[in-house]
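Take a look at the structure set out below.
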Amino acid sequence: MRFRCDGLELSDAISVVSKAISSKTTSQILEGIKMVCADDKLILSATDLEMSVEKTIRAEVDNAGETVVPGRLFGEYIRKLTNEQIECELNEKNQLKISYTDSEGCLQCMEISEFPQIKEVEKDNFFELSKEDFKALINSVYYAVAQDDSRPILKGILIETTGNNIKAVAVDGCRLSIANKTLLNSTADFKIIVPGKNIYEIIKMMDNDGNIKVYVHSNNIMVDLGDTIVINRLIDGQFINYKQIVPKDFSTVVTINKEQLEDAIDRASVLSRIDKNNLVKFDIKEKNLMLTSNSEIGNTRENITVGVKGNDLNISFNSKYFSDCLRVVDNQYVKMNLNSAIQPCVITPCEGEDFVFLILPVKAR
């Protein structure tokens with residue numbers, strides 16, 4: 001096995017496939033990157049058995065072959081050679097000699113036979129949408145993915161397709177996020193649960209140009225990004241019945257400028273963070289929303305002119321939960337839909353059904 005390639009291209013490829021290198025494993029081979037060279041290309045791949053990433057780059061191949069290198073060590077070494085033309089050669093001792101300018105290094109490789117076989121995903125069933133819409137869809141709900149392991153199903157994002165609509169749902173017990181986009185094509189209606197962290201890594205690999213097909217087969221999905229292919233195992237289980245959580249009727253509806261609300265919460269939360277409870281009180285009365293926060297070293301009060309239909313209301317929220325939600329909203333105006341101080345706030349656009357965000361209130365002290 002011997003090939004030559006550009007150091008920067010190799011370093012970038014290692015960075016991409018390293019997203020699938022296992023950080024918590026007792027199997028050393030899962031810390032490796034498989035390299036296969038043939039036909040003037042180099043294919044790098046890594047897997048943690050849940051997510052697999054394959055990246056192809058250009059290479060001048062003298063002798064075809066394959067090996068597995070220690071992923072993180074190889075990546076650190078190549079990152080220091082991004083301005084170099086690199087030659088790699090595998091010797092009879094299963095060592096990879098890395099040559100550049102007048103210097104060289106040597107890295108002991110792993111047994112290729114121990115590297116897991118990455119299963120191919122059939123391309124019969126898929127849904128298609130623009131890359132821009134897919135990124136927006138996942139970004140809109142990712143903040144509400146659960147981070148703890150107490151309910152593994154909530155560490156995933158539910159993706160449902162019906163006709164030409166695609167919906168993403170995430171919930172962590174304190175907040176719920178639902179986002180909708182339009183499909184360009186779909187071979188069937190799907191209902192799958194994708195690991196939130198992994199699908200978020202996938203969208204970070206995308207640019208905004210063109211469309212994306214997500215292939216669904218058995219308990220896996222595959223995303224083909226051209227020179228990068230990502231395969232991810234789906235989460236088994238029954239997702240929470242989110243439709244029963246969102247109220248249908250409301251006694252108080254507040255129409256508010258999203259940017260003004262976001263800025264006011266950010267300022268009010270400066271003091272609330274000191275007490276580590278992030279508590280901000282909302283006092284809704286006539287055409288005014290007053291936000292207050294208090295701590296041992298001071299207090300703050302923010303007033304915003306709003307449109308109100310229905311009853312006056314005092315209610316409190318974790319300011320971080322509200323900020324996380326508003327940060328992914330592009331609309332100029334939103335609606336806060338409420339019923340009482342102990343029932344959730346449902347945030348929706350003033351027009352359309354692009355998103356529904358639900359936040360549970362906090363009992364004020």
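Can you report the principal axis dimensions of the stretch 186-258 using only the alpha carbons, biggest first, rounded to whole angstrom?
Taking the Cα atoms of the stretch 186-258, the three principal extents are 52, 33, 25 Å.
What is the extension gain from residue 303 to residue 9, computed as 0.36 nm multiplied by their sequence separation minus the C-alpha to C-alpha distance, in nm to one decimal?
The residue 303-residue 9 span can extend by a further 100.6 nm.
Take the alpha carbon atoms of the stretch 4-79, find their center, do the same for the stretch 137-191, and report the distance between the two centers in whole angstrom.
When both Cα centres are located, 31 Å separates them.
Could you tell me what a quarter of the Cα convex hull surface of the stretch 1-85 works out to, in nm² with one decimal place?
Taking the Cα atoms of the stretch 1-85, their convex hull projects to 5.0 nm² on average.
Could you work out the per residue convex hull volume over the alpha carbons of the stretch 319-365, in cubic angstrom?
Measuring per residue, one finds 77 Å³ for the Cα hull of the stretch 319-365.
Say R0 is 51 Å: what FRET efficiency, to the nearest 0.05, do residue 108 and residue 128 get from their beta-carbon distance?
So, using R0 = 51 Å, E works out to roughly 0.70.
Starting from the coordinates of the alpha-carbon atoms of the chain, obtain the Kirkwood hydrodynamic radius over all distinct pairs and give the value in Å to one decimal.
23.3
If I model a spin label as a point 7 Å beyond the Cα along the Cα-Cβ vector, how far apart are those points for residue 249 and residue 147 in nm?
In this crude label model, residue 249 to residue 147 measures out at 3.9 nm.
Give me the aspartates and glutamates in straight-line cross-link reach of residue 24: C-alpha distance below 13 Å, same-chain residues under 8 apart excluded.
48, 50
For the stretch 261-351, build the charge dipole from Cβ charges (+1 Lys, Arg; -1 Asp, Glu) around the Cα centre, then report which of 269, 316, 336 sits farthest towards its positive end.
Comparing the listed Cα positions along the dipole, 316 ranks first.
Relative to 2.2 N^0.38 Å, what does the C-alpha radius of gyration of the stretch 68-190 come to as a ratio? Two decimals please.
1.63
Under unit Cβ charges (Lys, Arg +1; Asp, Glu -1), what dipole magnitude, rounded to 20 debye, does the chain have relative to its Cα centre?
So the dipole magnitude of the chain works out to roughly 1780 debye.
Among the lysines in the stretch 112-259, how many pairs, 8 or more places apart or on different chains, have alpha carbons under 14 Å apart?
For the stretch 112-259, the number of qualifying lysine pairs is 13.
What is the sum of charges, Lys and Arg at +1 and Asp and Glu at -1, for the other residues whose Cβ falls under 9 Å from the Cβ of residue 22?
-2
Determine the per residue accessible area of the chain with all protein chains present and a 1.4 angstrom probe, expressed in square angstrom.
Ligands and nucleic acids excluded, the figure is 51 Å² per residue.
Work through the residues other than residue 46 whose Cβ is under 13 Å from its Cβ and net out their charges, Lys, Arg +1 and Asp, Glu -1.
Spelling it out: positives minus negatives among the neighbours equals -1.
If packing is taken as the mean number of other Cβ atoms within 10 Å per residue, what is the order of 17-30, 172-185, highest first?
Result, highest mean Cβ count within 10 Å first: 172-185, 17-30.
The values are calculated or read from the model by the stated rules, or taken from the named source; none is laboratory data. Quantities reported herein were computed from a predicted structural model and do not represent experimental measurements. Backbone-built Cβ (ideal geometry, glycine too); neighbour counts: all protein chains shown. To get the accessible areas, we keep the full protein, side chains included, count just its heavy atoms, and leave off ligands, DNA and RNA. Shrake-Rupley method; radii C 1.70, N 1.55, O 1.52, S 1.80 Å.
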